[in-house]
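First the structure, in the form of structure tokens, and then the observations on it.
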Amino acid sequence: MATDRLDEVLDATYDSLTRYGVRRTTMDDIASTMGVSRSAVYQYVRNKDDAFRKLAERLHAEALARARQAAAEDAPIAERIRGVLDAKLDLVLRLAGDSPHSAELLDEKTRLFGDICHGFTGSLRRILVDLFAEAGTPASANPGEAADICIALVMGLESVSDGRDLFVPATDALLTGLLGSPVTTPAG
């Protein structure tokens, strides 16, 4: 039951974030969004920063779970790698699409979320390194370098307006080079 209530607090925190941003959101905003008193919110989070950290942790954990699920699928290695990369791209595009403020949860330079963002990227990198080690890479790139190149590609796609549209052709081209054999996306 407490977990459900914490989820409600985090949902209200996200709603407030999309409207006001991290700096302008208050505990009263979160409580008002939930329809409860501020003291009721304090039963689940210590303060506004704690609410935002827990929200960022939840969103990153959900995306990481998607990446791990994609990596574990019984599918060709290129599809599994693409699924891991898609989890990262989807998180960023979803947050950026909801509000200009919600992208604040992805800022690796802030004291509040930086460690969460770095941890997420590090976990994705380890998943990718394992996948490339399983697949084998040409002598021109070791599994760690291949993982770094893939992450860099997705970070580039996150910054352009048509990043979602470019994702499949870009990953097909990149993975063809990194895996040493042609990769094409199955029609679907």
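The values are calculated or read from the model by the stated rules, or taken from the named source; none is laboratory data. Values in this document were obtained by computation on a predicted structure and should not be read as measured data. Positions of Cβ are backbone-derived with ideal geometry, glycine not excepted, and every protein chain shown enters the neighbour counts.
Data table
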{"quantity": "Residue tally, condition closer than 21 Å to Gly114 by Cα, among the basic types (Lys, Arg) and in contact (Cβ under 8 Å) with a residue 60 or more places away in the chain, over region 1-55", "calculated": "1"}
{"quantity": "Thr3 being surrounded by fewer than 15 Cβ atoms within 10 Å (Cβ to Cβ), among the β-branched types (Val, Ile, Thr), out of contact with any strand residue (DSSP E or B) (no Cβ under 8 Å at 6 or more places or on another chain) and part of a helix (DSSP H, G or I)", "calculated": "yes"}
{"quantity": "When residues of region 63-96 are limited to those that are of a type in the set (Asp, Glu) and assigned to a helix (DSSP H, G or I), the one nearest to the chain's Cα centre (by Cα)", "calculated": "Asp90"}
{"quantity": "Any hit, region 84-94, residues being aliphatic (A, V, I, L, M), surrounded by 19 or more Cβ atoms within 10 Å (Cβ to Cβ) and more than 21 Å from Asp165 (Cβ to Cβ)", "calculated": "no"}
{"quantity": "Ala31 under 18 Å from the mean Cα position of the chain (by Cα), hydrophobic (A, V, I, L, M, F, W, C), part of a helix (DSSP H, G or I) and at pLDDT 95 or above", "calculated": "no"}
{"quantity": "Residue within region 42-56 that is assigned to a helix (DSSP H, G or I) and closer than 30 Å to Asp165 by Cα present", "calculated": "yes"}
{"quantity": "Every residue from region 112-146 that is in contact with a Pro (Cβ under 8 Å, 6 or more places away or on another chain) and hydroxyl-bearing (Ser, Thr, Tyr)", "calculated": "Thr137"}
